[in-house]
Structures are given as C-alpha cells and as structure tokens.
Amino acid sequence: MSVAELNTVDMAQVLTGAYELGDMINQSAEVSDYLYWKQQVETNPEIQAGIRKLNAKKELFEETQRFGHFHPDFHAAKDQVTALELELEGFEAVARFKQAEKALDDMLHQMSETIAYAVSTTIKVPSNDPNPKGGCGSGGKCSCG
C-alpha cells in the first residue's frame, strides 16, 4: 500500500468516527434539552413579539453606535435594548433555552478540546467564552513562548 492509500483509509475511518460522534451528540440529553426549549421559545407568540421588538431596538442602537457616547440617543437606545433583554429573560422558556444553549456549547467545547489535545497540547481551541482563561492575548500567562 502506498502512503496515499494509507492516508485515505485513515481519513475514511476518521470521517466515519466523526459521523458516529455526531450521531451520539444528537442523541444526548444536552441536544434534546436545547431543542425542546428552542421550540418553546419559537412557538410562544409573546416571546416572539418581544424578540421582534428587541431586534428593532437593536437596529436603532446600532445606528447610534456609529457616534458612540456622543450620539444624543446613545444611552437611551442602549437602556431600551437592555430593558427588553431583561424582559425576555423573565420568561422561563427563554431562561431555560439560554441555560440549555450554554450546556450544549460547554459540552461541544470540551469535546473539541479533547480531540485537539489528543493531537497536540499546543493546539488552540476556540471558545465562546467572553472571558478567556489563559493563553496568548487573554491576559493570562502565555505558554507559547
């Protein structure tokens, strides 16, 4: 067998494993919970009306962001967006959806880390965490150097 044939066989096994892993993820409690609460949010007319209002206010806020704090309506637009976000988070379905979304994101990130670190401990694994916990450029001690 040539090297190219060995790589093809390995890649086919990797792809098969990836599809099997994807199937296992789709059958997980995290995905089930996420899909349930997503449907609850999508089918609740009151929540959907709130989302439409929020999106309209976000558009207005984006217009003021061009000038930042100097725009006369900047703070009012920002406060309106924040108020509508809090109002939406008051719905149990929205709060539970956000929790389910975070749990699923955390699970997928852990899996990504496990796969990446199985290849090399120096591979960077992206995260949705707005407050990274180390590494280059995050304020933590850099281990790259």
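Values in this text are rule-based calculations from the coordinates and carry no lab data. These numbers come from a predicted model, not from an experiment. In this analysis, Cβ positions are derived from the backbone assuming ideal geometry, glycine residues included, and neighbour counts consider all displayed protein chains.
Structure above, values below:
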quantity: Out of GLN48, GLN39, sole residue that is part of a helix (DSSP H, G or I), over 24 Å from ASN128 (Cα atoms) and either basic (Lys, Arg) or free of Cβ contacts under 8 Å to residues at least 40 places away in the same chain (or both); calculated: GLN48
quantity: Given (1) more than 30 Å from VAL14 (Cα to Cα); (2) buried (at least 16 other Cβ atoms within 10 Å of the Cβ); (3) β-branched (Val, Ile, Thr), number of the condition VAL31 does not satisfy; calculated: (1)
quantity: Qualifying residue in the range 70-91 (condition: within 17 Å of the chain's Cα centre (by Cα), over 25 Å from PRO126 (Cβ atoms) and surrounded by 14 or more Cβ atoms within 10 Å (Cβ to Cβ)); calculated: no
quantity: Which numbered condition GLU87 misses (of (1) touching a residue at least 40 places away in the same chain (Cβ under 8 Å); (2) in contact with a helix residue (DSSP H, G or I) (Cβ under 8 Å, 6 or more places away or on another chain)); calculated: (1)
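One line per residue, one yes/no per condition, for (1) within 30 Å of VAL125 (Cα to Cα); (2) loosely packed, with under 11 Cβ neighbours inside 10 Å; (3) touching a Gly at 6+ places or on another chain (Cβ under 6 Å):
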| residue | (1), (2), (3) |
| --- | --- |
| THR43 | no, yes, no |
| GLU62 | no, no, no |
| VAL94 | yes, no, no |
| GLU101 | yes, no, no |
| ASP106 | yes, no, no |
